[in-house]
Structures are given as C-alpha cells and as structure tokens.
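Have a look at the structure below, then the notes.
Just so you know, all these numbers are worked out from the coordinates, no wet-lab data involved. Computed from a predicted structure; not experimentally measured. Here Cβ is always computed from backbone atoms with ideal geometry, including for glycine, and neighbour counts include all displayed protein chains.
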Amino acid sequence: MLHRLAGAPEPDGPGELRALLDGTGLAAGFRPAVEAAAGSAEAARAGARATAEPQARELATALARAVTAGALAGAGADADCTAAERDRLVELLTTRLGGGARVPGARAAAVLGRLALRVTTQPLLNAWRGSLTAGAAPALGDILRYQARGAGLRAYLRERITARPGPTVLIGHSLGGIALVDLLALDAADGGPVPGVELLVTVGSQAPYLHELGALTALAPGSRLPYGFPRWLNVYDRQDVLSYLAAPVFPGDPRVSDHEIRSRQPFPASHSAYWKQQSLYESVERAVTEAGLG
C-alpha cells in the first residue's frame, strides 16, 4: 500500500479527484503531502502491522486523512475547502489506496495520528506567530490604508450604489464591510441616507471591533447607529480571527443581527471560506425576506 501511495501518479484529466484538488486550492500541496506520508516512519510501522484485510482498510483511511491534512497545511491561506469537500477528498484517496472510507481502527489511527500531528499541528504550533501574522497582514494592511485614505473609496462606493435605483442589498467582506458601515453611517448622520439601500450584509468584518476601539470613521465610541441606517446582517465564524459580533456592540438595536458560519477551517483559510457555506446564502435569503424585499 505504501508503494502504491508513493508511486501514485498526479491526478489529471477531468476526474473528480483532479477537480476537487483544483477547486479547493490543494493541488500544489498534494504531491508533497503524499511523499511526506509515504516516506514517514509512522506509515512504515503501520504498514508492517497491517497484515490482514481489516487493518489494511484502516491504514488506507488513515493515510488518506494524513495526506489531506498535509495538503491543507501546505496550502495555508490559499486553501478554499469546505468540510464536505475535505471529507470527500479523504473518501477518494481511500478508494485509490484500496480501502473503505470509514473511521480508522484504533491500531492504525494511533500510529497515523502521530503522523498527522507531525505534518500539520506541530509545525503550525512552532510557527504560530508567523502563520497568524502572515495570514492577517494583508487584511490588516488594507484596513490601515483605508483608515488613512478611506474617503476616496467611500465616494466610489456611493457612486456605484446610487447609479441604479433601489431597493439595494449591499454585501461587504472584511474591509468592504468596514467601508460600507462607514459610508452608510456617515450619510445617515448627515441626514441623507444612501438612496435605495434596504439591507447591509457584512461578512468576516472588523467594523464592530473598530467601533469599540474608537477607530471607525463614522461613529464615536459608544454611539448608536444613526437614524436611517439600514438593517444589518453581520456574518462571522469563530475560526476567523478577523470577524466580530455586531449585535452586542449595538445592544437593543433591532436592525442589527449576527449569524454564525461554521466552516471548520483554520485561520486564515476561514477568512475566505464563507462563500462555500450554504448557510451564508440561506441567512442572506432570510434577511432579504424579513426586509420585505423577497
């Protein structure tokens, strides 16, 4: 089995495995993950013990999980993989190795579990500061630039939003959510809400946190959202360290609600994993209906 894993060709053509690797951003890290698993001492020991068919099936599943974990770790922020896609990848790899995609037994799992920890968790723990900084730096850099020179972006957004008649639903991810909250709050406070905007959806946004810090352009710390600000659905993921709750920051405001997404992805992949979560679109659909736009 280890020989089969090490000698496995790169998946190519229109097959499901190739499409899955390409669609999740794991293609580049697949071969290194395969080689790491096949060449590991843990896999060799597990292979030596898998002398019967049940143990071989367990080993196939455990190896598939180790390869998948390694590919995810190697992809880092480039991974765009849902939990369902990850599980399907394990199934496909298990089938290629001649096993059955089920939970591995205690013997293979104990040995291969150490491999998964070594190729994923431990390197991340060793470099946790660098990983988090590298993952967060692009978004934080954009936010800082916006804080210094955000007027131009807000003017551009207002021009685009008002170019067509409403009703309008605005969706902003990360910095986009900050800029939209600022724009809508500034215009509403000036007595002229952005025409036609009925619903704001922020996804993985830092706007609530910046408001608490007193770093949001439109609102003083502790102030409420102005009259004329639209309904606001804020979508967050506990795994995404760049997403924050909005409702507790504006207590008692019926316009503001939070919806939790559970991507089951590590940061920074979780910051861009929202768009593959069906519950995101369901929550937006509900908010649109509640706003009387459906």
Taking R0 as 25 Å, what FRET efficiency do you get between Thr95 and Arg262 from their Cβ-Cβ distance, rounded to the nearest 0.05?
0.35
Output needed: percent of Cα pairs per 5 Å distance bin for region 168-248, bins running from 0 to the one holding the longest distance.
3, 17, 28, 28, 16, 5, 1, 0
Computed FRET efficiency, Cβ-Cβ of Arg149 and Thr289, R0 41 Å: what is it to the nearest 0.05?
0.65
For Ile171, enumerate residues with amide H under 5 Å from its amide H, sequence gap 5+ or separate chain, H modeled in the peptide plane.
Val201
Residue span Arg164 to Ala19: 0.36 nm per residue of separation minus Cα-Cα distance leaves a gain in nm of 48.4 nm
Given the C-alpha centroids of region 147-174 and region 221-269, what is the distance between them in whole angstrom?
19 Å
Please compute the Kirkwood hydrodynamic radius of region 206-277 from all pairs of different C-alpha atoms, in Å with one decimal.
13.1 Å
20 Å reach of a label modelled at Ser223, 7 Å along Cα-to-Cβ, counting backbone N of region 155-179
155, 158, 177-179
What translational diffusion coefficient, in µm²/s and rounded to a whole number, does the Stokes-Einstein relation yield for region 132-290 at 25 °C and a viscosity of 0.890 mPa s, taking the hydrodynamic radius as the Kirkwood radius over Cα pairs?
155 µm²/s
